[in-house]
Amino acid sequence: MSQTISAAPATPKQYLFVDAVRFWSMLGVVSLHANIMLGAKPVEGVIPYAVDCLVKYGTIGFFLISGFLLGDRMATSAALPYLSRRLRILLAPWAFWFGLLLIYLLAGDVAHQRITTSSAASWRHMLQTDLNLAAFSSAFWFVPNLAIGMCTLMLFRRYLYSVKLGAILFAVNFLYVANIYGEWFSPKHTSALFAFVSYLWLGSFAARNFARLSRFIDRVPMVAIGALAVLSYLASVAEVRILVARHSSDPLNTLRLSNQIFSVLVVLLLFKLKSVSWPSFVNVRQQTYSIYLLHTFMLRIGLVALDHGLRPGFVDDAGLAMKFLLRAALFVFAYGGSLLLGNWIATFDAWRWTIGLKPREYQAPTNKISTSSKAPIFGFKVRPLTK
């Protein structure tokens, strides 16, 4: 999610739609996690689920653009060195913040006396519990899954652009889709290690055929893609209701077929838009990864503030409208706080690596977008983005 610096004279292309998907996907992820933090009660009906479904496109969006950039960069870079650079940028910051989250959880266990300090067995049990919580019940599940997916594609890079490989990967994906209903193994998308490789492949395949894809999308009316997105969204809400009625353990599963279709259509809408659709104070290439890494902590801080600032039981007893306002406030606090904290960390060269950035003296002086000399914001012409 952050820029990589190369000694090669050619500067990698920057795609407007990739930045748009980065921004809106991260916005959706933080919004969804803010909703989940406060939870939804069955008596609240379908409305909370409908709100969650509306922002559920982020995960697949990130896998698609990660695959697209993989396919695009491999056209000009050696595969293994490129993969090595990407993994270094992703894994070192992830390990740092994952470790901090684990320490935070263990400290909470000690403070609430869930750990008997003199008992090794107690420490082992809570360490295992907290590892599972941090790895599969927080936003930190994404990076290992992405890394495993990228390595899987590298193993089959000889067939990377083969439709047969794509068919096999989507067959694996559909097995996870069926498992949402069958629950033969854990249906949680956070532990579905190979379910999202299909979207890395699809993104790479799109990069390989970018010119043809662009011509095809240009011929499709925006209203047609929008209408299909609305229909798939309604189908997604309906599928959640079906899964709730079946007492599914994960009714909002990202891998629901209706949500997969909705997510792809949202990406196509952003591709079709060809406009800068994010505010100028957000540098999506430099700040998206830091928001991902930090928002879990900001959500927890915000939730603690709500618990201590309101009377006991207020959140649980709140009506639908008040719960919506509380979720919105938690989202604004988490997203804005992550943005500000990331900006502050970026001022210290020694710590920039923790949010996926290189020291400032090594930053490449480019922020160009490969669409035109002027990028419109929702149809209005503005000067090109510069830093």
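Every number in this text was worked out from the coordinates using simple rules, so none of it is lab data. Worth saying up front: this structure is predicted, and the values here are computed from it rather than measured. Here the Cβ positions follow ideal geometry from the backbone for every residue, glycine too, while neighbour counts run over all protein chains shown.
Which of the DSSP-defined H helices in the chain satisfy a minimum axial length of 18 Å, computed from C-alpha atoms, and a minimum mean Kyte-Doolittle hydropathy of 1.0?
Passing helices, by number: 16-38, 58-74, 79-111, 142-155, 163-182, 222-245, 257-273, 320-345.
So, counting K/R as plus one and D/E as minus one, what does the shell of residues with Cβ under 14 Å around Val267 add up to?
Around Val267, the surrounding residues sum to +3.
Given a 10 angstrom Cα cut-off, can you work out which residue in Ser236, Ser122, Ser191 is the most mobile in a GNM of the chain?
Greatest mean-square fluctuation among the candidates belongs to Ser122.
Could you list Leu169, Leu83, Leu193, Leu228 in order of exposure, starting from the residue whose Cβ has the fewest other Cβ atoms within 10 Å?
Leu193, Leu228, Leu83, Leu169
Using the charge dipole of segment 16-381 (Lys, Arg: +1 at Cβ; Asp, Glu: -1 at Cβ; taken about the Cα centre), state which of Phe262, Ile148, Ala75 has its Cα farthest towards the positive end.
Value: Ala75.
Among Gly319, Gly58, Gly149, which one shows the highest mean-square fluctuation when the chain is modelled as a Gaussian network with alpha-carbon springs under 10 Å?
Among Gly319, Gly58, Gly149, the largest GNM mean-square fluctuation belongs to Gly319.
I need the shape label for segment 94-160. Rule: rounded when a/c is under 1.5, else prolate if a/b > b/c, else oblate, with a, b, c from the alpha carbon gyration tensor.
Prolate is the answer for segment 94-160, as a/c is 1.5 or above and a/b outweighs b/c.
Using the Cα centre of segment 16-381 as the reference point, and only Cβ charges (+1 on K/R, -1 on D/E), how large is the resulting charge dipole? Debye, rounded to the nearest 20.
1280
Rounded, prolate or oblate, given the Cα gyration tensor of segment 23-128, with a/c below 1.5 counting as rounded?
Because a/c hits 1.5 or more and a/b fails to exceed b/c, segment 23-128 counts as oblate.
Choose one answer from Lys274, Lys164, Lys188: the residue with the largest mean-square fluctuation in a GNM of the chain with alpha-carbon springs under 10 Å.
Among Lys274, Lys164, Lys188, the largest mean-square fluctuation in the Gaussian network model of the chain belongs to Lys164.
Would you calculate, for the chain, the mean residue ellipticity at 222 nm contributed by helices, counting each DSSP H stretch of 4 or more residues as -39,500 (n - 2.57) and dividing by all residues, to the nearest 500?
-22000 deg cm²/dmol
Based on the mean of other Cβ atoms within 10 Å per residue, sort peptides 307-316, 242-251, 175-184, 262-271 so the most packed one is first.
Answer by packing, highest mean first, reads 262-271, 175-184, 242-251, 307-316.
Which of the following values of volume of the Cα convex hull per residue in Å³ was calculated from the structure shown: (i) 166; (ii) 188; (iii) 136?
Correct label is (i).
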